[in-house]
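See structure below.
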Amino acid sequence: MRAMQIPSDHPLLLRIVDDLAERGWSQQNIFLPLGLTRELAAECRKRAAEGELAPAAVGRGPTSEVREGIRGDHIQWIEPGQALACDSYLVLMDSLREAMNRGLYLGLEDFESHFALYPPGAFYLKHLDRFRDDDRRMVSAVVYLNDDWLPEHGGQLRMYLDEGVEYDVVPVGGCLVVFLSGEVPHEVLPAMRERLSLTGWFRRRGNEPF
Ligand code: OGA
Ligand code: MN
């Protein structure tokens, strides 16, 4: 699979940057090319079948624990060099990182991401993506990998915006949602079907002394 290099001044990326600056979130229904979406979905299913996805924990460090009453997804962190499709995704997200650094001066230094599989009925209760003891996560980015997803399948990402407005995203394959990690509370509603995604966070440098 070819590397999906796009310039950081691509109109799609500039639109995302503008949305973030104006309102703190962006939804792009046509972001991942269909072929790449399918390859990433196949990679996620393959990893799940091989037992590589594990129940996601809540929190970070020694106090993190699996709590299915809070989140029921199974995840695996991705690393460069494991699969061409994942590398293409990482290259794309790096273009987005550059675009955000140019347009928003966020000083984003790295990107961490994982596959997520929500079995039917699984959900993730309302939360913020920033840890109490670690504020390096600045921008959250979710891409969906599901074929033929309909609103009646559930599994919406529900964002809690300003002034009590709730906004739901249907997790249709190829769609990207980006939002400020510390500012947009959100949840994942239970789905009737298995729900696949890649979720990631753009991070700035931490203040740790090491
Ligand atoms: C998360 C999350 C949203 C989604 O993993 O922190 O909120 O739509 N995911 O999958
Ligand atoms: Mn989240």
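The values are calculated or read from the model by the stated rules, or taken from the named source; none is laboratory data. Quantities reported herein were computed from a predicted structural model and do not represent experimental measurements. Cβ coordinates were reconstructed from backbone atoms using ideal geometry, including for glycine residues, and neighbour counts include every protein chain displayed. Accessible surface areas use protein heavy atoms only, side chains included; no ligands, DNA or RNA. Shrake-Rupley method; radii C 1.70, N 1.55, O 1.52, S 1.80 Å.
Here is the figure for the range 49-69: residues that are under 18 Å from the mean Cα position of the chain (by Cα) and touching a residue at least 40 places away in the same chain (Cβ under 8 Å) total 4.
Filtered by the rule that a residue be at positive phi and touching a Phe, Trp or Tyr at 6+ places or on another chain (Cβ under 9 Å), the range 33-83 gives GLY59, GLY61. Where strands (runs of 3 or more DSSP E) fall entirely within the range 54-159, those with at least 2 residues that are open to solvent by 40 Å² or more (accessible area, probe 1.4 Å) are at 74-77, 108-118, 124-127. Restricting to the range 138-161, and then to whatever is over 22 Å from LEU40 (Cβ atoms) and within 12 Å of ligand 2 (Cβ to nearest atom), can you tell me which residue is farthest from the chain's Cα centre (by Cα)? Once the filter is applied, the top-ranked residue is TYR160. When the residues of the range 160-191 are filtered to those that are part of a loop (DSSP other than H, G, I, E, B) and farther than 25 Å from ASN101 by Cα, the one that is nearest to ligand 1 (Cβ to nearest atom) is PRO171. All of GLY121, GLY164, GLY174 fail the test of being away from ligand 2 (no atom under 16 Å from the Cβ) and at pLDDT below 95, apart from GLY164.
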